[in-house]
Amino acid sequence: MGSRYADKVVVVTGGSSGIGRGCAREFVREGARVVVGSNQEVGGRAVERELQDVARAGGGGEAAFVYCDVTKEGDVRRLVETAVGRFGRLDCLVNNAGWHPPHKAIDDFSVEEFRSLLELNLVSVFTACKLALPHLRLVRGNIINMSSLVGRIGQHHATTYVATKGAVTAFTKALALDEAAGGVRVNSISPGNIFTPLWQEAADAAPDPERALAEGRAAQPVGRMGTAEEVGRLCVYIAAEATFTTGVDHIISGGAELGYANKSIHHRDTEAQLVES
Ligand SMILES: NC(=O)c1ccc[n+]([C@@H]2O[C@H](COP(=O)([O-])OP(=O)(O)OC[C@H]3O[C@@H](n4cnc5c(N)ncnc54)[C@H](O)[C@@H]3O)[C@@H](O)[C@H]2O)c1
């Protein structure tokens, strides 16, 4: 337990699970007052109780849950206003809510699916930044947008997701430029493989879940996936200590993007299709 963000007020979207939950927890452990927003009422309430326990155990922070579907502007407004109304200020916004659809070729994604993912992974980030900035400017606060490593390096059968995350990273840089004069820093985090319920969902959807998990672990030279808490600790560092850092995309990946590998493994599928046709 520490006091690196004592009495600061943080909003974390998608904080009822996975990385958002880990971020909320690390902020509370450092004394922050955290408002978790999520579209999962039951999970959100459970995380609220868990965070209050962390605070009571010595973190000194506080925690609250607000139901919020980040694709609804009114919900996002209520989330921000509840945080400011209850705790008097807003120091840090973590835009974490997002989703990775199952992997498939562009032929199998509908245009409507892409539009709806853009709403969730990208437009919601714009909305929350826009609504939070009037409060963040008052205290020279900061924004952390959860992007993804694959927004930089691509990913097989994930055109829609990769496009949304590449846009989050680019948006972060543009907003950082606009807000620098007013003292608000805007950064993004690009996780590689972090083991969360979303990753488990992806493994469960694979033909061989155990193999998918093993491949997920093997993608990092460090030989394991990351944890939500490790991403949370990076968030606290960016918010509390990285005061000369803005417009930066912080990769947290266990080195997944390093070195050469067998990247033509999927050619076999294409060759098989050609033979069949
Ligand atoms: N896990 C990884 O390996 C990984 C890697 C790179 C990036 N990310 C990104 O990190 C973020 C969190 O991912 P995770 O793995 O923790 O996933 P997760 O599924 O465990 O958690 C996602 C959270 O977002 C919330 N959410 C989803 N739709 C929402 C909506 N419309 N309104 C409000 N909340 C909503 C869910 O309720 C949940 O709390 C996502 O943006 C994801 O794209 C994850």
**Asked** Of the numbered conditions (1) modelled with pLDDT of 95 or more; (2) exposed (fewer than 12 other Cβ atoms within 10 Å of the Cβ), Gln273 satisfies every one except a single condition; which is it?
**Response** (1)
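Which is of a type in the set (Val, Ile, Thr), under 24 Å from Arg115 (Cα atoms) and in contact with a helix residue (DSSP H, G or I) (Cβ under 6 Å, 6 or more places away or on another chain), of Val76, Val34? Break it down stepwise before answering.
Numbers: Val34 fails: under 24 Å from Arg115 (Cα atoms).
From the options Val76, Val34, the qualifying one is Val76.
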**Request:** Scan the range 67-108 for residues that are crowded, with 21+ Cβ neighbours inside 10 Å and within 14 Å of the ligand (Cβ to nearest atom) and jot them down.
**Result:** Cys68, Val70, Val76, Leu79, Val80, Leu93, Val94, Asn95, Asn96, Ala97, Gly98
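Picking from Pro209, Pro197, which residue would you name as being more than 11 Å from the ligand (Cβ to nearest atom) and either on the phi > 0 side of the Ramachandran plot or not hydrophobic (A, V, I, L, M, F, W, C) (or both)? I'd like the intermediate steps shown before the answer.
Values: Pro197 fails: more than 11 Å from the ligand (Cβ to nearest atom).
Only one candidate passes the filter, namely Pro209.
Working carefully through the options Val111, Val150, find the one that is of a type in the set (Val, Ile, Thr) and buried (at least 17 other Cβ atoms within 10 Å of the Cβ). Can you show your working first?
Working: Val111 fails: buried (at least 17 other Cβ atoms within 10 Å of the Cβ).
Going through Val111, Val150 in turn, just one is of a type in the set (Val, Ile, Thr) and buried (at least 17 other Cβ atoms within 10 Å of the Cβ): Val150.
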**Request:** Any residue in the range 108-128 that's without any contact (Cβ under 8 Å) to a residue 60 or more places away in the chain: show its pairings with residues that are within 11 Å of the ligand (Cβ to nearest atom) and not in a helix (DSSP H, G or I) at Cβ separation under 6 Å, as long as the two are six or more apart or on different chains.
**Result:** Glu119/Thr71; Leu120/Thr71; Leu120/Trp99; Asn121/Gly98; Val125/Asn95; Val125/Asn145
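Looking only at the range 13-44, count how many residues are in a strand (DSSP E or B), of a type in the set (A, V, I, L, M, F, W, C) and within 9 Å of the ligand (Cβ to nearest atom).
Of the residues in the range 13-44, the ones in a strand (DSSP E or B) are 13, 33-38.
Still in the list and also of a type in the set (A, V, I, L, M, F, W, C): 34-36.
Filter again for within 9 Å of the ligand (Cβ to nearest atom), leaving 36.
The number of residues fulfilling the criteria is 1.
Can you list the helices (runs of 4 or more DSSP H) found entirely within the range 118-214 that contain at least 3 residues being among the aliphatic types (A, V, I, L, M)? Steps first, please.
Values: elements: 124-139, 150-153, 159-179, 197-205.
Filter on the range 118-214 gives 124-139, 159-179, 197-205.
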**Request:** Look at Glu112 and say whether it is of a type in the set (D, E, K, R), modelled with pLDDT of 95 or more and either within 15 Å of the ligand (Cβ to nearest atom) or in contact with a Leu (Cβ under 9 Å, 6 or more places away or on another chain) (or both).
**Result:** no
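The values are calculated or read from the model by the stated rules, or taken from the named source; none is laboratory data. This one's a predicted model, so the numbers in the text were calculated from it and none came from an experiment. When we count neighbours, we look across all protein chains shown, and the Cβ atoms used for this are built from the backbone with ideal geometry, even at glycine.
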